[in-house]
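Asker: Below is a structure I'd like to ask you about.
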Amino acid sequence: MNIAILFGGSSFEHEISIVSAITLKKVLKNSNLSFIFINANREFYLIDSKNMKSNHFSDGAYLKDKKLILKQRAFYTEGIFGLKEQNLGTVLNLIHGRDGEDGKIASLLEFNGISYISPRVDASVLSYNKLYTKLYAESLGVKVVPYSVLNSSDSRDIELEYPVIIKPVRLGSSIGVSIVKSVNDLDYALDTAFEFDSQVLIEPFIDGVLEYNQAGSKTSEFELSIVEEPNKEEFLDFEKKYLDFSRDGKVEDAQISTQLKSDIQDAFKKIYATIFEGSIIRCDFFVVDGEVLLNEINPIPGSMANYLFEDFEGMVKRLVNHLPKESDIKIDYSYIHSIQSAKGGKNQ
C-alpha cells in the first residue's frame, strides 16, 4: 500500500501535525510511505523517510529536500531534464487546523484528481466551524451542548450564568478557549478568543461532565474504534490535549453500559453518515443526565487516533479501496453547437 502522508501547513497546529506524521511513520509499518511537508509559505517538500525527525523541520533542514509541484493526477519534482512524476499513492491528509481541516487541501486535491484520505470539502466546512457543527448535529437529531454566539462587533453587555466556556468558532483543538468563572474574567477571555476569530461560542461549563471519544471510518461498513474515556481534567488545554496522543501504550475501552456505548456509536454514525466518507474522524461526546451530547467533531485527530483501533493499518488499507470518487461530467458542447446551428453556423 502506497501512502503519502501530507503534514505541516499554515496552521497554529503546524508542529502538532509534524509530531502526528512522525508517529504514523512508526504505526504504518507494513506500508510504503512517502512524506509531503507543507511549510508556512505553503510550499511542498518531499521528505526522505530518514529525515522524519522534529528538528529537521525546526532547524529548516527540510529546505534541502526536493520541492514538489502539484499538477493534474500527481506530484512532480523538477530537475535539469524537466518534471518527473512521483508515484506516491494515496495522500493521507494529516494537517491539523487551518489548511488541513478547513477544506483548502481537500479542494486542492479534489481539483487535481489526487486520491486522498480526508473529509471532503463540505464535511471540512461543517466540522471546522463549531457553529455549523452544532447546526448540522441538531438537524440529524443529535443533541449538543447549549450555546450562544457573539460577534466581535457585538456589545459585551450580556447576561450569563457562570461558569461558561468561550471558544473561537473557526479553530481546531483547544486554542483560544477559556473557562470564565465570573464577569470579571469575561473581557479577557473574549479578547483572547477574538485574537483567533471574529465570532465565538459561549457554552455553559458543566462541572464533572462525563466525556467519551469515538473514532471511526466507513469502508464496506462502519469500522469503529473503542470508546475512550479521556483523562479527566477541569479543562483539556492545547498542551494537555496533545502531549500524549503519540502514546504507545494500549488505551482501554471505557467501562460503560452496553446501552450508553450503543447510544454513543449511534450518534457517531449519524454524524459520519455519507458526508464524511473517505475520512477517519473522531467525535467527542459529553454525557449529561444519561443523554449523549456532541461536543465537537475532530475531522483530522492527532495521529489519526490510531491508538484507539485494534487494526488501524488494516482499516487504512480498506479505506483506500473505498474512497468516494467524483463523477465525471461529459462536456460535448452540444448546447453551443445547437446555438451555432440555429444561427446558420456563424461564430458566436
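The values are calculated or read from the model by the stated rules, or taken from the named source; none is laboratory data. A quick note: this is a predicted structure, and the numbers were derived from the prediction, not measured. Here Cβ is always computed from backbone atoms with ideal geometry, including for glycine, and neighbour counts include all displayed protein chains. Just so you know, the surface numbers come from the protein's heavy atoms only, side chains and all, with ligands and any DNA or RNA stripped out. Shrake-Rupley method; radii C 1.70, N 1.55, O 1.52, S 1.80 Å.
Asker: Which condition number in (1) farther than 17 Å from residue 304 by Cα; (2) part of a strand (DSSP E or B); (3) touching a residue at least 12 places away in the same chain (Cβ under 8 Å); (4) not charged (D, E, K, R) is the one that residue 76 fails?
Answerer: Result: residue 76 fails condition (3) only.
Asker: Just to be sure, is residue 41 surrounded by fewer than 17 Cβ atoms within 10 Å (Cβ to Cβ), under 21 Å from the mean Cα position of the chain (by Cα), farther than 20 Å from residue 299 by Cβ and at pLDDT 95 or above?
Answerer: The answer is yes for residue 41.
Asker: Out of everything in region 188-218 that is in contact with an Asp or Glu (Cβ under 6 Å, 6 or more places away or on another chain) and not small (Gly, Ala, Ser), what residue ends up being most open to solvent (accessible area, probe 1.4 Å)?
Answerer: Among those residues, the one meeting the criterion is 218.
Asker: Filter region 44-67 for residues that are outside any loop (DSSP other than H, G, I, E, B) and open to solvent by less than 20 Å² (accessible area, probe 1.4 Å); which is farthest from residue 196 (Cα to Cα)?
Answerer: Among residues in region 44-67 that are outside any loop (DSSP other than H, G, I, E, B) and open to solvent by less than 20 Å² (accessible area, probe 1.4 Å), the one farthest from residue 196 (Cα to Cα) is 47.
Asker: Restricting to region 9-38, name every residue that is open to solvent by 60 Å² or more (accessible area, probe 1.4 Å) and of a type in the set (Phe, Trp, Tyr).
Answerer: 12, the sole residue that qualifies.
Asker: I'm checking my understanding of the structure. Among residues of region 227-250 that are surrounded by 18 or more Cβ atoms within 10 Å (Cβ to Cβ) and modelled with pLDDT of 70 or more, which one is farthest from residue 263 (Cα to Cα)?
Answerer: Here the answer is 228.
Asker: Continuing with the same structure: Does region 70-106 hold any residues that are surrounded by 14 or more Cβ atoms within 10 Å (Cβ to Cβ) and among the hydrophobic types (A, V, I, L, M, F, W, C), and which are they?
Answerer: Those that are surrounded by 14 or more Cβ atoms within 10 Å (Cβ to Cβ) and among the hydrophobic types (A, V, I, L, M, F, W, C): 70, 74, 75, 88, 91, 92, 94, 95, 105, 106.
Asker: Can you run down the residue pairs with Cβ atoms below 6 Å, 6 or more apart or on separate chains, where the first is in region 191-202 and of a type in the set (Asp, Glu) and the partner is open to solvent by less than 10 Å² (accessible area, probe 1.4 Å)?
Answerer: 197/168; 197/169
Asker: Would you say residue 271 is open to solvent by 50 Å² or more (accessible area, probe 1.4 Å) and either within 19 Å of residue 105 (Cα to Cα) or of a type in the set (A, V, I, L, M, F, W, C) (or both)?
Answerer: No, not satisfied.
Asker: For residues in region 257-281 being outside any loop (DSSP other than H, G, I, E, B) and among the aliphatic types (A, V, I, L, M), which is farthest from residue 224 (Cα to Cα)?
Answerer: Restricting to residues being outside any loop (DSSP other than H, G, I, E, B) and among the aliphatic types (A, V, I, L, M), the top hit is 260.
Yes/no per residue for (1) open to solvent by less than 40 Å² (accessible area, probe 1.4 Å); (2) modelled with pLDDT of 95 or more; (3) more than 30 Å from residue 270 (Cβ to Cβ):
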| residue | (1), (2), (3) |
| --- | --- |
| 123 | yes, yes, no |
| 132 | no, yes, no |
| 138 | no, yes, no |
| 149 | no, yes, no |
| 162 | no, yes, yes |
| 165 | yes, yes, no |
| 170 | no, no, no |
| 173 | yes, no, no |
| 181 | no, yes, yes |
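Asker: How do the pairs read when you match residues in region 258-283 that are of a type in the set (Lys, Arg) with residues anywhere that are open to solvent by 20 Å² or more (accessible area, probe 1.4 Å), using Cβ under 9 Å and keeping only pairs 6 or more apart or on different chains?
Answerer: Going by the 9 Å Cβ cut-off, the qualifying pairs are 261/253; 269/218; 269/222; 269/224; 270/140; 270/141.
Asker: Oh, and also: Out of the residues in region 284-336 that are free of Cβ contacts under 8 Å to residues at least 24 places away in the same chain and in a helix (DSSP H, G or I), which is most open to solvent (accessible area, probe 1.4 Å)?
Answerer: 335
Asker: Using the structure shown, decide if residue 6 is surrounded by 23 or more Cβ atoms within 10 Å (Cβ to Cβ) and out of contact with any Gly (no Cβ under 9 Å at 6 or more places or on another chain).
Answerer: no
Asker: For region 208-229, which positions are free of Cβ contacts under 8 Å to residues at least 40 places away in the same chain and either in contact with a helix residue (DSSP H, G or I) (Cβ under 9 Å, 6 or more places away or on another chain) or farther than 27 Å from residue 320 by Cα (or both)?
Answerer: 208, 227, 229
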